[in-house]
1. Filter segment 137-176 down to residues that are within 28 Å of CYS99 (Cα to Cα) and surrounded by 14 or more Cβ atoms within 10 Å (Cβ to Cβ), then give me how many there are.
2. Within segment 164-175, can you find the residues that are touching a residue at least 24 places away in the same chain (Cβ under 8 Å) and either of a type outside the set (Lys, Arg) or out of contact with any Phe, Trp or Tyr (no Cβ under 8 Å at 6 or more places or on another chain) (or both)?
3. In segment 105-136, which residues are under 18 Å from GLY77 (Cβ atoms), in a loop (DSSP other than H, G, I, E, B) and open to solvent by 50 Å² or more (accessible area, probe 1.4 Å)?
4. Find all pairs meeting these conditions: Cβ atoms under 9 angstrom apart; at least six residues apart or on different chains; first residue within segment 91-103 and without any contact (Cβ under 8 Å) to a residue 12 or more places away in the chain; second residue assigned to a strand (DSSP E or B) and crowded, with 17+ Cβ neighbours inside 10 Å.
5. Is it fair to say ARG79 is closer than 15 Å to ARG155 by Cβ, at pLDDT 95 or above and either open to solvent by 70 Å² or more (accessible area, probe 1.4 Å) or of a type in the set (Lys, Arg) (or both)?
6. What are the residues in segment 113-125 that are of a type outside the set (D, E, K, R) and either in contact with a Lys or Arg (Cβ under 8 Å, 6 or more places away or on another chain) or farther than 22 Å from ALA91 by Cα (or both), if any?
7. State which residue is nearest to MET183 (Cα to Cα) when the search covers only segment 82-91 and only residues that are within 26 Å of the chain's Cα centre (by Cα) and surrounded by fewer than 17 Cβ atoms within 10 Å (Cβ to Cβ).
Amino acid sequence: MLRRLLLTAAASAIAALTAVPSASAGTPAPPPAASPVLTASPAPLAAPAGLSSLYTAARSGTEPAAMPPPARPEDSGDRLTVTVHDAGNGADGTYELDCHPAGGSHPRPAEACDLLDGNTTWGKDLFAPVPPDALCTMQYGGPATAHVTGTWAGRPVDARYDRTNGCEISRWNTMVPFLPDLMS
C-alpha cells in the first residue's frame, strides 16, 4: 500500500510539474497546490523497491519499457508447462496447464488458472523475477526449483523459480497452487 501511495504521489508531482501553460495571453498557469510529499523535502523522491524503472520513466517523460512482443498467433492460447525439481512429496515432474477452459496434466488446473487470471494485470509481468536491487532476508526455503515456459495472455513466458532467499520464497508462495505448496 505504501508503494502505491508513493508511486501515486510521484506521478502526481511529475504531472503537476509538466503541466501545460495557460492559454491566456502569455500568462503562465498558476502553480498547482503543493503536495505534502513535495514540501517535505526538495530532494527528488526515491522510487519504492521494484518500481525504479517506472519512476525513472515517469520522471524522464518516457513510457516504461514495453512488454515483449506477442507470441506467434498459433500459440495464442494460455498454455504453460511447469517443470518442478526437488520439491518432494510427489510434486516433482512436468505438468501442462491449459486455461480457458482449464485442463492439462496439472494437478489443480482450475485453481491454477484462477490464480493466474486473478493476478494478471495489463503492463505487469506476472512471471517477473525478483528485482536485482531487492532487499531479501537470508533464509533458505529448500532446494525446490521450477521452470515455467509457454504462453500467457498472448505473451511468451520463460520464468524460473527457486527458494534461495525470502524474496524468492515469497515469489514462489504467491504462485501456489500454480506451483506446489511447500508450506505443508
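The values are calculated or read from the model by the stated rules, or taken from the named source; none is laboratory data. Computed from a prediction, not measured in an experiment: that's the story for all the values here. For neighbour counting, all protein chains shown are included, and Cβ atoms are generated from backbone atoms with ideal geometry for every residue, glycine included. Surface accessibility is based on the protein's heavy atoms, side chains included, excluding ligands, DNA and RNA. Shrake-Rupley method; radii C 1.70, N 1.55, O 1.52, S 1.80 Å.
1. Looking only at segment 137-176, we keep the residues that are within 28 Å of CYS99 (Cα to Cα), and these are 144-163, 167-176.
If we keep only those that are surrounded by 14 or more Cβ atoms within 10 Å (Cβ to Cβ) as well, we get 144-157, 159, 161-163, 167-173, 175-176.
Final tally of qualifying residues: 27.
2. Scanning segment 164-175 gives THR164, ASN165, GLY166, CYS167, GLU168, ILE169, TRP172, THR174, MET175.
3. SER105, THR120
4. Listed by first residue and then by second, the contacts come to ASP92/VAL84; GLY93/VAL82; GLY93/VAL84; GLY103/LEU97.
5. So ARG79 passes the test.
6. GLY118, ASN119, THR120, THR121, TRP122, GLY123
7. ASP86
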